[in-house]
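> One structure coming up, written as C-alpha cells, with questions to follow.
The values are calculated or read from the model by the stated rules, or taken from the named source; none is laboratory data. Nothing here was measured: the structure is a model prediction, and the numbers come from that model. Because the Cβ atoms are built from the backbone with ideal geometry, glycine has one as well, and the counts that use them run over all protein chains shown.
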Amino acid sequence: MPNLNLSVAVGDYDRNRPLISGAVPIDGVDPVFMTLSPEEIFFRAFRTADFDICELSLSSFTVKAAAGGGPYVGIPAFVSRAFRHTSIYVRTDRIKEPKDLKGRKVGVPEYQLTANVWARAILEDEYGVKPSDIHWIRGGIEDAGRPEKIRAPEIRAREIAMHLRLTLAGQFS
C-alpha cells in the first residue's frame, strides 16, 4: 500500500524540526509540511479546515469540541511550551500587584486564546482576581480587525472598533 500524502501545518519549534526535516519519519505517510505561524494555522484550521494534520489552540479546540463541531481529533501532544506567568504586561505607574487589575481594562487579541486562559487561571488561582473582576477589551494588537476565531456566547469581552488596534485602545472609554 502506498504512503498517504498528508498536509501537516505546524510552527517552527525545536520539537517539530526532526519531523519537518525527515530525521524522524511518520510511518505510512509522505507528509507535506508547512511551517506557519500559530495564528495562521489556527485561523485556517477553524475557518476552512485547510490541513490534514495541524497543531491547534487547546482552548479553541475545546470550545469547538464542546459545541459539537470541528473536523479535527485532538491528540495530547503539546508542541508549543511557554511559562505563562510572563504573559501579562502592565503599566507599572498604575498596577503594582495583580489585585490592582480589579476593575481595570485588560486588552487581549482573542478572549479564548490558550495563553489567555492560562493567564486568567493564574490570576484567579494565585492572586484572587476573577475574570469577572476585569473589563476585557478584545481586538488586534499589531493589526486592526483581528477576528475572534471561535465565538462563544458566554464570553464577555468588549470588542474595539475594527479600525483600531489594542495599542490605541486607551483612547476610548
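> In segment 6-27, what count of residues is obtained for those that are farther than 27 Å from Val108 by Cα, in contact with a strand residue (DSSP E or B) (Cβ under 6 Å, 6 or more places away or on another chain) and assigned to a loop (DSSP other than H, G, I, E, B)?
Summing the residues that are farther than 27 Å from Val108 by Cα, in contact with a strand residue (DSSP E or B) (Cβ under 6 Å, 6 or more places away or on another chain) and assigned to a loop (DSSP other than H, G, I, E, B) in segment 6-27 gives 1.
> Would you confirm whether any residue within segment 145-155 is modelled with pLDDT of 70 or more, among the small types (Gly, Ala, Ser) and either within 17 Å of the chain's Cα centre (by Cα) or under 27 Å from Leu36 (Cα atoms) (or both)?
Among the residues of segment 145-155, not one is modelled with pLDDT of 70 or more, among the small types (Gly, Ala, Ser) and either within 17 Å of the chain's Cα centre (by Cα) or under 27 Å from Leu36 (Cα atoms) (or both), which makes the answer no.
> Since Trp118 meets every condition but one in (1) modelled with pLDDT of 80 or more; (2) farther than 23 Å from Val79 by Cβ; (3) surrounded by fewer than 19 Cβ atoms within 10 Å (Cβ to Cβ), which condition does it not meet?
(2) is the only condition that Trp118 fails.
> If you don't mind, there's one more thing I want to ask. Which of the following residues is among the hydrophobic types (A, V, I, L, M, F, W, C), outside any helix (DSSP H, G or I), in contact with a Phe, Trp or Tyr (Cβ under 6 Å, 6 or more places away or on another chain) and on the phi < 0 side of the Ramachandran plot: Val79, Val73? Please lay out each step first, then the result.
On the way: Val73 fails: in contact with a Phe, Trp or Tyr (Cβ under 6 Å, 6 or more places away or on another chain).
Being among the hydrophobic types (A, V, I, L, M, F, W, C), outside any helix (DSSP H, G or I), in contact with a Phe, Trp or Tyr (Cβ under 6 Å, 6 or more places away or on another chain) and on the phi < 0 side of the Ramachandran plot holds for just one of Val79, Val73, which is Val79.
> Scan Tyr89, Tyr72 and give me the residue that is aromatic (Phe, Trp, Tyr) and modelled with pLDDT of 85 or more. Break it down stepwise before answering.
Working: Tyr89 fails: modelled with pLDDT of 85 or more.
One residue alone meets the criteria, Tyr72.
> Could you check Ser59 against (1) part of a helix (DSSP H, G or I); (2) free of Cβ contacts under 8 Å to residues at least 40 places away in the same chain; (3) under 22 Å from Trp136 (Cα atoms) and say which number it fails?
(2)
> Quick one: in segment 1-43, which of the residues that are under 22 Å from the mean Cα position of the chain (by Cα) and loosely packed, with under 13 Cβ neighbours inside 10 Å is nearest to Arg81 (Cα to Cα)?
Pass one, segment 1-43, residues under 22 Å from the mean Cα position of the chain (by Cα): 7-17, 33-43.
With the extra rule that they be loosely packed, with under 13 Cβ neighbours inside 10 Å, the set shrinks to 12, 14, 37.
Values: Asp12: 12, Asp14: 11, Ser37: 14 Å.
Looking at the filtered set, the residue picked out is Asp14.
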